[in-house]
Amino acid sequence: METIRAFLQPVTERRETWRQTEPSPMGTVRKDRFLCLAGADTPLENLEDGYLEWRDLRLKVSAAQPIYIGDTISHWWAILTVEDV
């Protein structure tokens, strides 16, 4: 397992209908998302079966893209979702 440094922040929405968990026929499903900013040397796309761990959460990359300044990657931007284990 590789350790990386990244900035994580919960993504909140102002809609009253948004919840971090929602009931489903199989129980409660997590709906919370996190913004992730990682260094240029930490590509977050194409992780396939990979994941990130933070505290007691397993996070999957649902969207990722490099952010460029000119022709150089400055950092990676990603949205992470909680994976139920």
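The values are calculated or read from the model by the stated rules, or taken from the named source; none is laboratory data. Bear in mind that the values here come from a model prediction, so they are computed numbers and not experimental data. Quick reminder, even Gly has a Cβ in these numbers, built from the backbone with ideal geometry, and neighbours come from all protein chains shown. These accessible areas exclude ligands, DNA and RNA; they are computed on the full protein's heavy atoms, side chains included. Shrake-Rupley method; radii C 1.70, N 1.55, O 1.52, S 1.80 Å.
Here are some notes:
- Tabulated pairs, the range 3-21, first at pLDDT below 80, second part of a loop (DSSP other than H, G, I, E, B), C-beta under 7 angstrom, 6+ apart or interchain: 4/42; 19/31; 20/31; 20/32; 21/31
- Cβ pairs under 8 Å, 6+ apart, first in the range 32-46 and touching a residue at least 12 places away in the same chain (Cβ under 8 Å) and farther than 8 Å from residue 76 by Cβ, second in a loop (DSSP other than H, G, I, E, B) and open to solvent by 30 Å² or more (accessible area, probe 1.4 Å): 32/20
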